[in-house]
Amino acid sequence: MTEKMTSSIKLIKLDTATFHGEKVDPTYVNLFFGKNGAGKSTLADAFRHPECLDWETGVNPADYTILVYDQNFITRNLADYGDLKGVFTLSEENAETRRRIDEKIEERKTVVSDGKQAAEDRDKKNGELKPLRDAFESTCWNTTDDIRKSFDQTQNGKKKKLQFADEVLAGHHAAVEHKKEDIQKLYEIAYDPDARKYPLFKKSTDLEGEYDLSGVSYLGEEVTSRSETQFAKFMKALNATEWVKKGHANYIGHTEGKCPFCQGKLPDTFETDIAQAFDEGYQKALDALEKLETEYTAKMSALIELFKNNLTAVLPKVKTADYEKLVAQLEALVAEDEQLIAKKRTAPGEPVELKDTDTIIADLDAAITEINNTIQGNNDIVDTKPDKQLECFNMVWEEIAFLLKDDIAAYKKSNADIEAETKKLDGRVKTLQGEYRKLSGEITTLNSSVINTAATVDSINAHLKDSGFEGFTLHEKEGVKGTYEVIREDGQVADHLSEGERNFIAFLYFYHVVRGSQSETDSGKDKIVVIDDPVSSMDSSALFIVSALVREMIGVCSNNVSGDALRDNGTEYEGKYIQQLFILTHNAFFHREITYNQVSHYRYVSFFKVNKKNNISSVEKCVKEAVKVSEKDRNYNPVQNSYNALWREYETLDSPIPLMNVIRRILEYYFIQLCAVDNNVLSTTVLDAVKKKITDDAAGGVPDYTKYHLAQAMLSYINRSDTFNDGMHFVDESIDCDQYRDVFRTIFEVMGHGQHFKRMIAEAD
């Protein structure tokens, strides 16, 4: 996968004029296209402000000369009368000076080489910090995986490797070992979002109410009548005491004085005999048993209900299976006891023994005590939740510090060793930088003696001649050293220079500055060249020459990447003195002239488009997704054919009138010219379809014909039989642009060309 290459300047920061925090990441050759007023000049001027430039690591800005061609350059270097400031270069007349300069330059090269090596060693050593830190972060992360995941909420704000390692290294927590189960118990409640207090279980002793169970004493006794009447003895002999009592209770009052079995007349003393047969003690026992049955059932039902009610709101962590089993056992025993009591009442003479419920009740109370201990622990934590969260947080991080104490110590030692070595190498770099500044000062002093503007003018004239330009030549004004006159083709001195001529002369001067020395402070350094709209107001012949010179500069800059001279139509451009190149223009023809063979050089050539919307400027890198799998992305040229340009303009417009004009031009070119659709067929098909859709969508209401009228307006121009267009069509500015775009898309869809619409929109984006 290919990546963009970076050169000396790796980032341009724009935050002046109409730019707001814009950033541009350039490569070697950088081509900017934008309309006048978009912000190109502001971008070019940024190179004069060091704070706007970020340099590649290890690059010393002092090693480069930044040359900017713009209106400011023209004003400073071309006076009203046309004189040129000196161009500093080496000459034969200054051979001795040149020899000394060369010696100093070689010395400086050695210093630069040593400085670069020292900087590389420093950066390499400093670069060891990151893998060391990365390894430490991974160790911390992996070693503590279990405790971090188990107690996730104690890691808030520290859930990334970097943040976690920062907290570990901060040393806020002592290394203390804790049992995980202790932390877990505290964590489950302290950090449970649903944590709340739960009611304690009630014991049997909490049962309210008074119950008379005194009749239980009769259960183990033989309850019989003690009467000695003849009738009582008869019932005892037959063991029919209870049978008679029940029969008498059920049938008395219904037999009309007759025996219910034989229908014989009962004796007159029958009721008296019955009453005498059942003595007072017997009746008392029967009453006690009846009361016992009621009281026992009431008490045990209330007790079982108390035990069951304990289960209505239980702390989730409490295990109640054994408790519930005991309650069920108690319930079963009580049911058996109730049957025994009922049996005793039926047969008072037969002793019965109740089941042992006291043991199960005691077991239940004991289980409740254990459960309540857990519930009370929960409630205590809930009452002090913030304090418990802090306690749990500290326990977790103390455990983490304990687990990582050896790793922390090892990392801190290694990190300190690397930083110490880096500091030592940085001192070496600074020493060499001082030597570099000293040598550069000496070279500057020597360089001041080889200033020669005449050589530059001669070179400009030679270049004009070689290029076939015949508009003018430059000559030194007689008697005024360093000033020059423009001599027209007819030999006359120009009294006035047009703006285009001034710009042309200034660019030729700039071109030679790039090739040679421009001032005392240059000292033959490599160049970073910025060219802002070089062909403004120039005629075609001048534009042709400037285009050729700019292509030469592109070739020279490209040599730093390719290693070989770049061919341009058979021409090889020698040299590598241009390290980085920035070209800005609004002229589409000039842009095409210098970029026609540059799109393919993705790695070291970048295209940009400078935009301005709502008085805010921006820079867009012109890169598309690569078609080939082996490529990452590819360049595209923002200056395209007219049809593509219309789609790009369509995407950016936010006003109805210009948007409508662009829409009409696209429709005419695509459907009428490219697709050869009859204009009447186009209009009829679209309008019928739109009207039908509007009618269908109305659903019995009043149709809204806004979209239909918009479609009519869009098609009205291309629906004319003549070719004359006066450009006067009504456009309703009250309708937002989204509705215009919606109808525009509908036209393509109705005509079966929806895919073309999607593709052009995608390309425009």
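Which of K693/K758; K161/K388; K185/K412; K160/K185 have a Cα-Cα distance over 31 Å? Violating the 31 Å Cα-Cα cut-off are K185/K412.
In order along region 528-534, the phi-based Karplus estimate (6.51 cos²θ - 1.76 cosθ + 1.60, θ = phi - 60°) of 3J(HN,Hα) comes to 10, 10, 10, 10, 10, 6, x Hz; Gly and Pro are listed as x.
The modelled label-to-label distance between Q71 and K116, using points 7 Å beyond Cα along the C-beta direction, is 4.0 nm. The slack between E572 and D426, meaning 0.36 nm per residue of separation minus the straight C-alpha distance, is 48.4 nm. Remark on F608: its backbone amide H falls under 5 Å from those of L31, F32, F33, C622, a criterion applied only to residues 5 or more positions apart or on other chains, H modelled at 1.01 Å from N.
Ranked from highest to lowest mean number of other Cβ atoms within 10 Å per residue, what is the order of the peptides 171-182, 125-136?
Averaged packing, sorted descending, gives the order 125-136, 171-182.
Roughly speaking, what is the stretch gain from D287 to V493, that is 0.36 nm per residue apart minus the C-alpha to C-alpha distance, in nm to one decimal? Walk me through the intermediate numbers first.
Values: separation 206, 0.36 × 206 = 74.16 nm, distance 14.91 nm.
Taking 0.36 nm per residue and subtracting the Cα distance, the gain is 59.3 nm.
The alpha-carbon of K621 sits under 19 angstrom from the alpha-carbons of these lysines, leaving out residues fewer than 8 places away in its chain: K4, K10, K13, K23, K35, K40, K609, K612, K613, K632. Cβ-Cβ distance of H475 and A689, R₀ of 51 Å, FRET efficiency by 1/(1 + (r/R0)^6): the value works out to about 0.10.
Subtracting the Cα-Cα distance from 0.36 nm times the residue separation, let me have the gained length for Q184 to E128 in nm, one decimal.
Working: separation 56, 0.36 × 56 = 20.16 nm, distance 3.92 nm.
Extra length from Q184 to E128 when fully extended: 16.2 nm.
Residue by residue, region 542-559 carries 3J(HN,Hα) couplings of 5, 4, 4, 5, 4, 4, 5, 5, 5, 4, 4, 4, 4, x, 4, 5, 5, 4 Hz when phi is fed to the Karplus relation 6.51 cos²θ - 1.76 cosθ + 1.60 (θ = phi - 60°); x denotes Gly or Pro.
Just so you know, all these numbers are worked out from the coordinates, no wet-lab data involved. This one's a predicted model, so the numbers in the text were calculated from it and none came from an experiment. Cβ sites come from the backbone with ideal geometry, for glycine too, and all protein chains shown count toward neighbours.
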